[in-house]
Amino acid sequence: MQFHGVDPRVAELAAQVQPRMAEMAERTVAQIVAEMGVYGDEQFVARDELQLSVQRNLDVAVRTLRAATEPDLTQAVTTGRVRALQGAPLPELVRAYRIGLTQVWLCMVEFLREGNPGDLATLAAATTAIWALADDYAEALTTAYRGASGELMIAQQVQRSALVEALFAGGSATEGMLWYIARVLGISPDGDFVVVVAETPVLGREPLPHIEARLRERNHASAWRLTPELQAGVVSLRHPQASETVAQLVRDADAARVGLSPVYSGLGNTARALHFARVALSSLSPGAAAYGKRLDIPAGTAVRFEPGLGQTVRLVPLGGTREVHGLSMDPPGELDH
């Protein structure tokens with residue numbers, strides 16, 4: 001904590017600016033609305049709610065400066081949590097706090113200019129106190145914001161996983177429920193889809209890490225769930241031929257074994273497609289993913305495998321002419337035939 005009480009002269013200044021609380025709040029709201037679009041268009045916070053929040057936070061700040069005691073961070077914590085749940089961006093939230101405290105400082109400067117314009121010591125003490133308080137408020141609301149955002153993210157992930165499971169179970173085929181699931185998951189209830197299942201190499205680890213983000217970069221919406229045995233997802237395709245893009249991304253991930261369903265239409269057919277994807281996965285031999293690949297380690301080195309203990313290794317495709325003579329192949333030694 002940066003704020004540890006203030007000079008008595010600063011406390012006296014705070015008492016002088018207290019009656020101008022409404023004016024400072026009006027100035028703060030006007031500047032916030034003018035400089036930050038997310039507040040100007042009331043995208044996350046209504047104007048009346050913003051006005052009330054600014055008044056409460058400024059009141060707490062000025063009372064803290066008057067009492068010269070440890071700051072009460074309750075209001076900052078409350079604001080941080082509420083704004084996180086509303087989806088307001090954190091940088092703008094911190095900036096709004098600083099705008100409000102700047103208005104308090106400007107008001108103090110006005111009183112000093114009118115009463116004792118040469119009192120630089122009091123001005124310096126007031127500046128130090130206000131920015132120490134600003135740091136404490138910023139830390140408190142940031143911590144609260146991130147905590148609430150984390151809770152919200154976990155809740156949303158749990159919901160997404162449950163809805164994906166409902167699609168795979170096939171028990172939510174009514175049109176209204178499919179529309180709701182598609183809206184929450186961010187995918188279309190109509191169009192073309194493909195189901196992907198990948199064998200989980202280690203408990204709790206995704207065999208296709210960051211696959212949802214990588215698909216999103218290619219304009220393919222998707223939703224996934226992770227179980228101890230499989231990572232499974234449904235991918236919305238822009239067109240049926242886009243399944244090749246999905247297949248390539250899966251191959252690039254170096255997952256153990258992966259199965260893809262045929263392209264199908266309509267989100268309500270996802271359960272059937274999951275069955276086909278699992279059949280495709282089961283048809284692959286346990287060593288299929290390692291065919292034509294080597295350990296991703298420097299030449300002349302090795303990896304030690306202890307008996308009975310498993311570990312994850314990274315495989316990369318063999319390069320060059322991709323011929324490994326001495327192995328039983330047809331044609332002999334040629335990996336890609």
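The H on the amide N of Leu230, modeled in the peptide plane, is under 5 Å from the matching H of Thr200, each at least 5 residues off or on a different chain. Distance between the pseudo-spin-label points of Val109 and Ser282 (7 Å out from Cα toward the beta carbon): 7.5 nm.
Simple spin-label estimate for Glu151 and Ala299 gives 5.7 nm between the two label positions (7 Å along the Cα-to-Cβ direction from each Cα). For the set Trp224, Trp179, the ranking by accessible area, highest first and with no ligand, DNA or RNA atoms included, is Trp179, Trp224 under a 1.4 Å probe. Fully extending the segment from Val316 to Thr143 would add 58.1 nm, taking 0.36 nm per residue of separation and subtracting the current Cα-Cα distance. Apolar share of the accessible surface for the stretch 186-244: 49 percent from carbon plus sulfur atoms, 1.4 Å probe. Cα centroids of the stretch 111-186 and the stretch 238-280: how far apart, whole angstrom? So the separation of the two Cα centres works out to 36 Å.
Would you mind classifying the stretch 178-292 by shape? Square roots of the alpha carbon gyration tensor eigenvalues, ordered a ≥ b ≥ c; an a/c under 1.5 is rounded, otherwise it is prolate if a/b is larger than b/c and oblate if not. It comes out prolate by the Cα gyration axes. A protection proxy built from the mean count of other Cβ atoms within 10 Å ranks the segments 75-88, 42-55, most packed first, as 75-88, 42-55. Using Cβ point charges alone (K and R +1, D and E -1), the dipole size of the stretch 122-199 about the Cα centre works out to roughly 120 debye. Let me cross-check Asp252: its accessible surface, 1.4 Å probe, with only protein heavy atoms counted, in Å² to the nearest 10? We get 80 Å² for Asp252. Between Gln86 and Tyr180, the contour length at 0.36 nm per residue exceeds the Cα-Cα span by 31.7 nm.
Would you mind working out the magnitude of the charge dipole of the stretch 66-184 relative to its Cα centre, with +1 at each Lys and Arg C-beta and -1 at each Asp and Glu C-beta, to the nearest 20 Debye?
Roughly 320 debye for the stretch 66-184.
Shown is the FRET efficiency for Thr128 and Ala30, computed with R0 = 30 Å from the Cβ-Cβ distance and rounded to the nearest 0.05: 0.65. Solvent-accessible surface (1.4 Å probe) assigned to Ile187 amounts to roughly 10 Å².
Charge dipole (Cα centre; +1 on Lys/Arg Cβ, -1 on Asp/Glu Cβ; no other charges) of the stretch 89-156 amounts to roughly 140 debye. Figure note: Thr122, Thr174 ranked by solvent-accessible area, largest first, 1.4 Å probe, ligands and nucleic acids not counted: Thr174, Thr122.
The values are calculated or read from the model by the stated rules, or taken from the named source; none is laboratory data. The shown structure was predicted, so the numbers you read here are calculated from the model rather than taken from an experiment. All Cβ positions, even for glycine, are placed from backbone atoms using ideal geometry, and neighbour counts span all protein chains on display. Keep in mind that these areas ignore ligands, DNA and RNA; they rest on the heavy atoms of the full protein, side chains included. Shrake-Rupley method; radii C 1.70, N 1.55, O 1.52, S 1.80 Å.
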